[in-house]
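Take a look at the structure set out below.
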Amino acid sequence: MNKTVILQFCLCFLCTFSALQISAQEYNSININKYFTPDIVRNSLDINLSLNDNFYNNKSAFDSTSVNFLNWNLTPAFVRYQNTRKCISTLSAGGRTNGDLQKSNQLNNDNFRKYFSTENSLYTNYSTYFFNKKQAFLLFKLNARYVGRYSNSIYATNTGETNNLIKNTSYELKPYVGIGKGRIETVTDARQAVYIIEELSKKGKIKQVLSDKQIFEFAQVISKVKNKRFLDARLRKIEEITTVDSFLLKNNYLTNQDAAYFTTLYDFWENGALYERSSGQSFEINISPNMTFEKTLNKTEILLHGNLESARAYNCDINLVYRFEKSTSLNWQHSFNASLGYVASGFLKEKENDQSNIEKTEGTQTDGILRLSYNLSFYPSTRTRMSLFANHYNKLSVYDHVTINDIAQAKINMNDMNLNTGLSVDYYFSQQLRLSAFTGTNYTFNNNDGDNKQFHIGLGASIIYSFF
């Protein structure tokens, strides 16, 4: 009798477990690429901070050298994103400060070296795409950037001290206008909707298997409620959870509302949209008349001289751009970008030394630029992403009609190439705190001063905190 009861209980458990598994697996076939968002406005503010300090000591039979190397990087960024059927616009503003501080000492020879460098930048970017019903679009963009660089190197020996100072500032203003066809949709909310329904189904809280249409409607509710603005984060969370719960209850999808239901809903609301997912493709052609200004001070005190350089350039860019985004399944994402650009520039550079001698260089520069990038991402959980990536950059430059103090110079051809590949892993400890790590290879080639080739293998990590 006991054996019969136990057998029946086991069969009942297996049938229930199988039913739940089948119910959950039903959602693997959902195509989130078909989703499109309702009219939304989103804001974000991120701060990326990384800090590395290394100390090592080299000993030989003749001397001992101690070295301390400190590196930091701080990058704040604000983004405002608006998406409607007729228009997609993005406004971003931010900056960056990073630098290196290195000290080294040779004990026996009393040699001392100190190096400090920093780079600080500010930027603002604005773009707007206007769409018609056939997804043809007209685009306007404006990019502005300031970069300031400073470095100071001191090298002291028994015979003297060398101090080399470099200051550089540059400004860039780039407007764009263009046309194109196609549209990249954000499908993050659709993926979050599947996360929630799938997990609730595994726990037996959903009565039925929802159709693609029902998932789409649920995702639209998610997108709309995220669009509401609150000064109090607690009130915002209450409104969001209440709205999602009301939708599920109103449509009679739920079996019951117990603690397991609410904890699951809250967990996947907090963590189900940590990574942005996109879908679609687009092709565009744009043109950008733009200008750059740059000034550099380079001074070496031991030689008692220095020079001040200024440069300005007026450019015209023409770019062909193709973008492709697709989720091949709920947990895999393909991203591919390709662009081909042509840049025609007229430039003027002036260099003045301490004796007020001026070297004036002017001419024309034409560039052909190819950029290719591919990224394959895997999302094993709501908090984790692993990505394989490969990027290629190639620029062919021709300097022609160049004169230095009105003396004609020979035509120059240059080639710059960069290829990097690697693996990155991201993990969210919370909705605001993310750890990123990567490893990869980088190969560069240029013939600016003979054939120069460099190959690097590296790894790194950073911590990113989002305020909202």
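The values are calculated or read from the model by the stated rules, or taken from the named source; none is laboratory data. Given the structure is predicted, the values throughout are model-derived calculations rather than measurements. Note: ideal-geometry Cβ built from the backbone for every residue, glycine included; neighbour counts use all protein chains shown. Each accessible area value is taken on the protein alone, full model and side chains, heavy atoms only, with ligands, DNA and RNA left out. Shrake-Rupley method; radii C 1.70, N 1.55, O 1.52, S 1.80 Å.
Mean projected area of the Cα convex hull of region 248-388, taken over all directions, amounts to 16.7 nm². The aspartates and glutamates within cross-link reach of residue 453, meaning a Cα-to-Cα straight distance under 18 Å and a gap of 8 or more places when in the same chain, are 416. Over all Cα atoms in region 83-218, the spread is summed up by Rg and Dmax: 27.7, 85 Å. Computed with every protein chain present, the accessible area of residue 172 is close to 70 Å² [probe 1.4 Å].
Cross-link reach is defined here as a Cα-Cα straight distance under 13 Å, omitting same-chain residues fewer than 8 places apart; for residue 295 the aspartates and glutamates meeting it are 172, 309, 350, 352.
Take every pair of alpha-carbon atoms less than 8 Å apart whose residues are at least six positions apart; their mean separation over the length of region 321-415 yields a relative contact order of 25 percent. Spin-label model, residue 133/residue 362: points 7 Å from Cα along the beta carbon direction are separated by 5.4 nm. Under 11 Å from a label point set 7 Å out along the Cα-to-Cβ vector of residue 208, the amide N atoms of region 244-262 belong to 251-254.
Between residue 171 and residue 338, the modelled label-to-label distance comes to 3.9 nm, taking each label 7 Å out from Cα in the direction of the beta carbon.
Each listed q (0.15, 0.16 Å⁻¹) maps to a log10 I(q)/I(0) for region 142-282 from the Debye sum over equal C-alpha point scatterers, namely -0.84, -0.91.
In the structure shown, the pairs 167/349; 34/134; 134/181; 141/167; 141/174 are assessed against 19 Å; a Cα-Cα span above that value is assigned to 141/167. Rounded to the nearest whole Hz, the Karplus-based 3J(HN,Hα) values (6.51 cos²θ - 1.76 cosθ + 1.60, θ = phi - 60°) of region 205-210 follow the sequence 9, 10, 6, 9, 8, 6, with x at glycine and proline.
Note on region 210-280: Rg/Rh from C-alpha atoms, Kirkwood Rh, equals 0.97. Structural descriptor for the chain: relative contact order 12 percent, calculated from alpha carbon pairs under 8 angstrom and at least 6 residues apart.
Across region 214-255, the volume of the C-alpha convex hull divided among the residues equals 58 Å³ per residue. Averaging the sequence gap over all C-alpha pairs within less than 8 Å and six or more residues apart, then dividing by the number of residues, gives region 365-415 a relative contact order of 35 percent.
Value of Rg to Rh for the chain, rounded to two decimals, is 1.07; Kirkwood radius and Rg both from alpha-carbon coordinates. With a cap of 11 neighbouring Cβ atoms within 10 Å, and only residues DSSP puts in a loop, list the trypsin sites (Lys or Arg not before Pro) found in region 107-185. Filter output for region 107-185: 133, 134. For the pair region 214-266 and region 116-158, the centres of their Cα atoms are 39 angstrom apart. Each of 291, 414 has its accessible area taken with a 1.4 Å probe; listed largest first, they run 291, 414.
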